[in-house]
1. For Leu149, state whether it is free of Cβ contacts under 8 Å to residues at least 12 places away in the same chain, within 21 Å of Gly26 (Cα to Cα) and not in a strand (DSSP E or B).
2. Going through the range 179-201 one residue at a time, which ones are without any contact (Cβ under 8 Å) to a residue 60 or more places away in the chain, closer than 20 Å to Val242 by Cβ and in contact with a strand residue (DSSP E or B) (Cβ under 8 Å, 6 or more places away or on another chain)?
3. (1) modelled with pLDDT of 95 or more; (2) in contact with a strand residue (DSSP E or B) (Cβ under 8 Å, 6 or more places away or on another chain); (3) surrounded by 13 or more Cβ atoms within 10 Å (Cβ to Cβ); (4) under 26 Å from Asp229 (Cβ atoms): which one isn't true of Ala53, the others all being true?
4. Taking the options Leu109, Leu144, name whichever one is hydrophobic (A, V, I, L, M, F, W, C), more than 19 Å from Ala201 (Cβ to Cβ) and touching a strand residue (DSSP E or B) at 6+ places or on another chain (Cβ under 9 Å).
5. Looking for something under 20 Å from the mean Cα position of the chain (by Cα), aliphatic (A, V, I, L, M) and at positive phi - is there at least one such residue anywhere in the range 85-93?
6. Which members of the range 246-258 meet the condition of being farther than 15 Å from Ile211 by Cα, part of a helix (DSSP H, G or I) and out of contact with any strand residue (DSSP E or B) (no Cβ under 6 Å at 6 or more places or on another chain)?
7. Residues to consider are Phe39, Phe32; find the one that is in contact with a Gly (Cβ under 6 Å, 6 or more places away or on another chain), part of a helix (DSSP H, G or I) and not small (Gly, Ala, Ser).
8. Please tell me if Gly46 is small (Gly, Ala, Ser) and either in a strand (DSSP E or B) or crowded, with 17+ Cβ neighbours inside 10 Å (or both).
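The values are calculated or read from the model by the stated rules, or taken from the named source; none is laboratory data. Please read these numbers as outputs of a predicted model, since none were measured by experiment. Heads up, the Cβs are rebuilt from the backbone with ideal geometry, glycines too, and the neighbour counts pull from every protein chain shown.
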Amino acid sequence: MSITVVGSLAYDAVKTPFGQRERMLGGAATHFALAASFFDTVRPVGPVGGDFADADLEVLRTRGTVTDDVEVIADGKTFFWAGEYGWDLNSRETLDTQLNVFETFVPKLSPAAQACDVLFLANIQPELQAQILDAVDGPAFTALDSMNLWIDIARDALVGVIERVDCLILNDAELRQLTGKPNLVAAAREILGWGPTAVVAKQGEYGAALITAASFFALPAFPLETVVDPTGAGDTFAGGFVGSVAQHLAGGVTDEVLCRAMAYGTALASFNVEEFGTERVTRLTADEIHERVSALHGFGRFTLQTPVLTGDRS
């Protein structure tokens, strides 16, 4: 199996109450690939400038990620984002955005990237996402991320792309904005009617929820005493989720497969926030992930002794 991800490779400048980095590796495709590479071969597709360091390409290749589809524009500069987080890390202020080579990005997929078994469309213009869907050779599973900007200025195009994918991954506020439904489940049910078979609602420190036609499944975020930087956590979650699905494609994308994927996405996202940028996930091990997934599984265990309720009394 193989996974293609199309999205940004970037440099970030981040300040949180726990420190700061003036220039660190980032971007949706970067965070996704580092997480998904635990499960399968990943091919990130996206542009970088001549300022993109060889050492950062090596970080991408940490677990065998194939970087042949990373387009290096020698006379250009890499996409750059700067932001500052509030004391609780839930509020974020964007200080600077420089699209640079990403402004004129036209995806160019190699034959190997086109022949992927799984496709993840990271947060880019819906029109580009549609072009990529036209270019690939019928992957067995497709998932898509987006953001409030595209809901505001390109909703029709975004809905058209959502109708063509298997899974939509958005945060809960974006799901409500997209559908105009104030209730998360109602919003997800509407989107399922458009074509996807699964909707994942990212809920930050409260975890994530999975809604399919037959089921609802939710996991809390892994409880951490130390959270340093949430940048890229959503894309890391998506990498873990989609990567886990890819690993179990042979048996079909069942609700069981999706629920397991939720656990691995949650675990990987929890490691991402423990340090800045890609620092923690780069040196992460499979054993650490399995241990955290087992702990998540244990959180749901309890012994049920049926109480006598008021309505049961004669």
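1. Against the criterion (free of Cβ contacts under 8 Å to residues at least 12 places away in the same chain, within 21 Å of Gly26 (Cα to Cα) and not in a strand (DSSP E or B)), Leu149 qualifies.
2. Looking only at the range 179-201, we keep the residues that are without any contact (Cβ under 8 Å) to a residue 60 or more places away in the chain, and these are 179-197, 199, 201.
Retained after the next criterion (residues that are closer than 20 Å to Val242 by Cβ): 188, 191-192, 194-197, 199, 201.
Ala188, Ile191, Leu192, Pro196, Thr197, Val199, Ala201 - these are the residues of the range 179-201 that are without any contact (Cβ under 8 Å) to a residue 60 or more places away in the chain, closer than 20 Å to Val242 by Cβ and in contact with a strand residue (DSSP E or B) (Cβ under 8 Å, 6 or more places away or on another chain).
3. (2) is the only condition that Ala53 fails.
4. Numbers: Leu144 fails: more than 19 Å from Ala201 (Cβ to Cβ).
Sole residue among the options that is hydrophobic (A, V, I, L, M, F, W, C), more than 19 Å from Ala201 (Cβ to Cβ) and touching a strand residue (DSSP E or B) at 6+ places or on another chain (Cβ under 9 Å): Leu109.
5. Yes, that holds for at least one residue.
6. Initially, the range 246-258 is screened for residues farther than 15 Å from Ile211 by Cα, giving 246-252.
Keeping just the survivors that are part of a helix (DSSP H, G or I) gives 246-247, 249-251.
Residues satisfying the conditions are Gln247, Leu249, Ala250, Gly251.
7. The match here is Phe32.
8. yes
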